[in-house]
1. Residue under question is LEU352, and the condition is that it be crowded, with 19+ Cβ neighbours inside 10 Å, under 25 Å from the mean Cα position of the chain (by Cα) and either modelled with pLDDT under 90 or at positive phi (or both); does it hold?
2. Mind checking which residues of segment 286-322 are within 18 Å of ALA238 (Cβ to Cβ) and touching a Lys or Arg at 6+ places or on another chain (Cβ under 9 Å)?
3. Looking only at segment 205-230, filter to residues that are within 21 Å of the chain's Cα centre (by Cα) and of a type in the set (A, V, I, L, M, F, W, C); which one of those is most open to solvent (accessible area, probe 1.4 Å)?
4. What's the number of the only condition in (1) over 28 Å from SER184 (Cβ atoms); (2) among the aliphatic types (A, V, I, L, M); (3) buried (at least 16 other Cβ atoms within 10 Å of the Cβ) that MET55 fails to meet?
5. Among the helices (runs of 4 or more DSSP H) confined wholly to segment 18-116, which include 3 or more residues that are at pLDDT below 85?
6. So which helices (runs of 4 or more DSSP H) stay within segment 266-336 end to end and still have 2 or more residues that are within 30 Å of THR556 (Cα to Cα)?
7. Identify, from the list ARG488, ARG532, ARG506, the residue that is modelled with pLDDT of 80 or more and in contact with an Asp or Glu (Cβ under 7 Å, 6 or more places away or on another chain).
8. Any residue at all in segment 237-254 that's at pLDDT below 90 and either closer than 19 Å to ARG40 by Cα or not in a helix (DSSP H, G or I) (or both)?
Amino acid sequence: MAQDSVDLSCDYQFWMQKLSVWDQASTLETQQDTCVHLARFQEFLRKMYEALKEMDSNTIFERFPTIDQLLAKACWNPFILAYDESQKILIWCLCCLINKEPQNSRQSKLNSWVQGVLSHILSALRFDKEVALFTQGLGYAPIDYYPGLLKNMVLSLASELRENHLNGFNTQRRMTPERLASLSRVCVPLITLPDVDPLVEALLVCHGHEPQEILQPEFFEAVNEAILLKKISLPMSAVVCLWLRHLPSLEKAMLHLFEKLISSERNCLRRIECFIKDSSLPQAACHPAIFRVIDEMFRCALLETDGAPEIIATIQVFTQCFLEALEKENKQLQFALKTYFPYTSPSLAMVLLQDPQDVPRGRWLQTLKHISELLREAVEDQTHGSRGGPLESWFLFIHFGGWAEMVAEQLLRSAAEPPAALLWLLAFYYSPRDGRQQRAQTTVQVKAVLGHLLAMSRSSSLSARDLQTAAGQDTETDPRAPAQQLIRHLLLNFVLWAPGGHTIARDVVTLLAHTAEITHEIIGFLDQTLYRWDRLGIESPRSGKLARELLKELRTQV
């Protein structure tokens, strides 16, 4: 608390000096400096109010003898009054100075002064006497006239900007770059006012013909912040223009999404889907340039976390939301597929883009084999125009995880000999860095486990321990190894789908989940399985109920 008090006193002196400078000069530089500091000053006002509301008027002036001067300077600054919630917070601070029962003339005088300042704030805008008399003569009160005037000014400027955008190279009718820059600067403190939305949109959509960006960075930053905090709502076309013209804003939007995902409950894809759709990023990603930036940030997150399952799941959900937005906007023909995935085989991307929902179930196995063949050629033979190597092909493949997750189910639900193509696909999905020989060893190991599981599915009595032994999960092998994770997922699929698996499912999960890390892995697997079943409509009542019960029980344990 003592440190907070010292910090507030230091901040107080800083802002008192700033306000004095702003008050004494009205140059372009001081206006720009004011706009740059508006967000920080509002945060200072919030802290100031939290301190003032705990004191009476006398204590306030003992601690901050010049508080009336600071608030007065702020209240007479039009940029501060127009910015976001600063006007409201100033009113709160002023109310803290009022003495409910004044004991002397000084306190009464202070109350009168506060009331005068409050009247000034609530009068919105001040105009010349002649303007006031004219509007009164027409029967308009200031409270009716000023908002209407602001709205008309905004609409007029927005219309001028649209004409500027259409005029192209007609230099005589174009708005000068200086005026565009000035407009964007003036808009910074006004961005959250609903009546200013048309002007903000027009500025974003209006592209100048200068070699460099002419709108102020502070304008882009303020608009982006207001969008992320849901303080304004702009058409998607304007949001796309913002993120195309100002890369830091797009990056901040992605970081904002990451922060929300990190702070939310782990392994809950429905919630992740809500966050992603609410971010407007999938809709904006219909433009390839934005998609490429977002995809690159996902790639970095994947590399930083060494391929964390949560990141992979998030990429898959984002891709699904993106494809839905692409279909809704009907933009498939506007941009070539190559512009979204430039380093991968177009034929492979085209097959993966098929939604399993749109492919008859009887053709799922055939489609998976085709995907495996194309991937294997791209990874091992480097044909079909693939230039990025195995990891680039794998990065493309994980975007469309619905196909990858169907492989284990297809293998376990078939009594026939496991197709080599599906075994390879499963091994590649879990261990993309393996070489050809190591991946061949993994497929042999997976084939042996599948043989044991299929044999046990025909047994009249199943036990969790026998199942664990058959899968090799009771050995000293590192449980974090990709091959072991693959086998664990085979076991989980088995107990969900096999006729007798339901009776031993809890015992199997208990034996497998012997560390917190593996427990989280199993929770993620169950949540992802339920999410996919729900999307594809392939959930059986019995399997779905069991998966939900297991998921609920495990979540209570972590």
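The values are calculated or read from the model by the stated rules, or taken from the named source; none is laboratory data. The model shown is predicted, which means the values in this text are computed figures rather than measured ones. Using ideal geometry, Cβ is built from the backbone for each residue, glycine included, and neighbour counts are taken over all protein chains shown. For accessibility, only protein heavy atoms count, side chains too; no ligands or nucleic acids. Shrake-Rupley method; radii C 1.70, N 1.55, O 1.52, S 1.80 Å.
1. yes
2. CYS286, HIS287
3. Among residues in segment 205-230 that are within 21 Å of the chain's Cα centre (by Cα) and of a type in the set (A, V, I, L, M, F, W, C), the one most open to solvent (accessible area, probe 1.4 Å) is LEU229.
4. Answer for MET55: the failing condition is (3).
5. Numbers: elements: 28-52, 57-63, 67-75, 78-82, 86-97.
Correct list: 28-52, 78-82, 86-97.
6. 269-278, 288-304, 309-329
7. ARG532
8. Checking segment 237-254: not a single residue is at pLDDT below 90 and either closer than 19 Å to ARG40 by Cα or not in a helix (DSSP H, G or I) (or both).
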